[in-house]
1. Say R0 is 35 Å: what FRET efficiency, to the nearest 0.05, do Asn90 and Arg46 get from their beta-carbon distance?
2. Largest first, what is the accessible-area ranking of Arg173, Arg60, Arg14 with a 1.4 Å probe?
3. Heavy atoms only, probe 1.4 angstrom, no DNA, RNA or ligands counted: give me Ile168, Ile149, Ile16 ranked by accessible area, highest first.
4. Given labels modelled 7 Å from the Cα in the Cβ direction, how far is it in nm from Leu209 to Asn182?
5. Quick one: accessible surface of Asp47, probe radius 1.4 Å, all protein chains present, in square angstrom to the nearest 10.
6. Name the residues whose placed amide hydrogens come within less than 5 Å of the amide hydrogen of Arg29, ignoring near sequence neighbours (fewer than 5 apart) on the same chain.
7. When the label point is put 7 Å from the Cα of Ser219 along its Cα-to-beta-carbon vector, which residues of the range 20-35 have a backbone N closer than 18 Å?
8. Which whole-Hz ³J(HN,Hα) couplings does the range 80-88 yield from phi under the Karplus relation 6.51 cos²θ - 1.76 cosθ + 1.60, θ = phi - 60°, glycine and proline marked x?
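The values are calculated or read from the model by the stated rules, or taken from the named source; none is laboratory data. As the structure is a computational prediction, the values presented were derived from the model and not from experiment. Positions of Cβ are generated from backbone atoms using ideal geometry, with glycine treated the same way; all protein chains shown enter the neighbour counts. When the accessible area is computed, the model is the full protein with side chains, heavy atoms only, and any ligands, DNA or RNA have been set aside. Shrake-Rupley method; radii C 1.70, N 1.55, O 1.52, S 1.80 Å.
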Amino acid sequence: NAQSLTFETEFLHRKIPYTVVGSLKFYEREEIKDVLAFLALAANNRDEIAFRRVVNKPARGVGETSQDKIISAAAGGKSLVDASREVGPNLAKKAREGVAHFVELMEEFTSFIGADSSEKKDSASETESAQQSAKKQSSADSKKLSSFIELVNEKSGLVEYHTAQDEIAGTQRAANMQELANSAVLYPCTIAGLLDFLDHIELDKTLELTDEESGTTDSVTLITLHNTKGLEFPR
């Protein structure tokens, strides 16, 4: 099932209608949406939709009320990571610990990709920050974006979370997450590379929507050998 991504991408760009049997289309799968939300938040720390999806997944005790407080604190364009850092200490113990862990995660992710999770800069530190960014950029040139997505998969707890849901389904979900990482191997491990990757995915989603709206019934069938057992097909 994880291998459908390569086929789906090719079919979309060649405008060949297709149907996935026995599984959701790749970008509609829960675990893929979860990983993409982390990526989107690393690329844009004001992305409220992405924030709400992953701040408490896996569960960290950060309920809707706590999320609302953080989002309110971020009103006016402040980073959601900064808002989480400010609001966290005032929350109940479990939520406070959960928010602290989430902030730590996002700081690690943004540092790895070369983005800045905090807007707290002064003129004295800007030169140093620029020098550090240049060093990170040089180091990132030798790395691929796939390494960043693999880091997100593991450190976020999503692999463990989805694997624990069901042994068979969990293994497939982990494979899907790895396939998403594999698809990013052609992109550099930089914030620009991440933005290009996310733009590419949005384009594919748009093409997918256009394909669905066309109403074409004649399409290529994507199905695993396992799912074809007992079914009749002309070829």
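1. Details: r = 21 Å, r/R0 = 0.60.
E between Asn90 and Arg46, to the nearest 0.05, is 0.95.
2. Numbers: Arg173 65, Arg60 25, Arg14 155 Å².
From most accessible down to least: Arg14, Arg173, Arg60.
3. Working: Ile168 120, Ile149 0, Ile16 60 Å².
Solvent-accessible surface, decreasing: Ile168, Ile16, Ile149.
4. The answer from the label model is 2.9 nm.
5. Here the residue's solvent-accessible area equals roughly 40 Å².
6. none
7. 20-30
8. Running phi through 6.51 cos²θ - 1.76 cosθ + 1.60 with θ = phi - 60° gives 5, 6, 4, 5, 5, 5, 6, 7, x Hz.
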